[in-house]
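> Pasting a structure here, questions to come.
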Amino acid sequence: MKDPTMLETKPTSAGQGPDFLRETGSHEPYLAACHKLSERLTATTNYLTAALSLCETEPVAGATLPGYTEMLKKALGQINRANEELRHLRKLLMGGPGQAGPREC
């Protein structure tokens, strides 16, 4: 006898999302969340870039400790990686690689 509390799942091929994402309109909240995350990452990138610029162009004696510039560069690298993952997620939500999605967010 089948357990009614268990969800039945099927394997999907590459680029094919779960059934609930293919239903009309059900992807909108996820795309909206992608958009909000993208805005936050862009703002963070701008703040880090400004801080890095200050560290590199206006070195004040004792104000920029060794390693600060490197830490800012690493933080920017992590933000860039997060943006790449977000772009990948957006493509999956919109129909997968090579498939036209309903709209860009």
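Values in this text are rule-based calculations from the coordinates and carry no lab data. Remember, it's a predicted structure, so these values are computed and weren't measured experimentally. Positions of Cβ are generated from backbone atoms using ideal geometry, with glycine treated the same way; all protein chains shown enter the neighbour counts.
> What ranking do His27, His35 get, fewest neighbouring Cβ atoms within 10 angstrom at the top?
The most exposed by this proxy come first: His35, His27.
> Per 0.36 nm of contour for each residue apart, how much would the distance between Ala51 and Ala75 grow if the chain were fully extended, relative to their Cα-Cα spacing?
Contour length minus Cα-Cα distance gives 7.5 nm.
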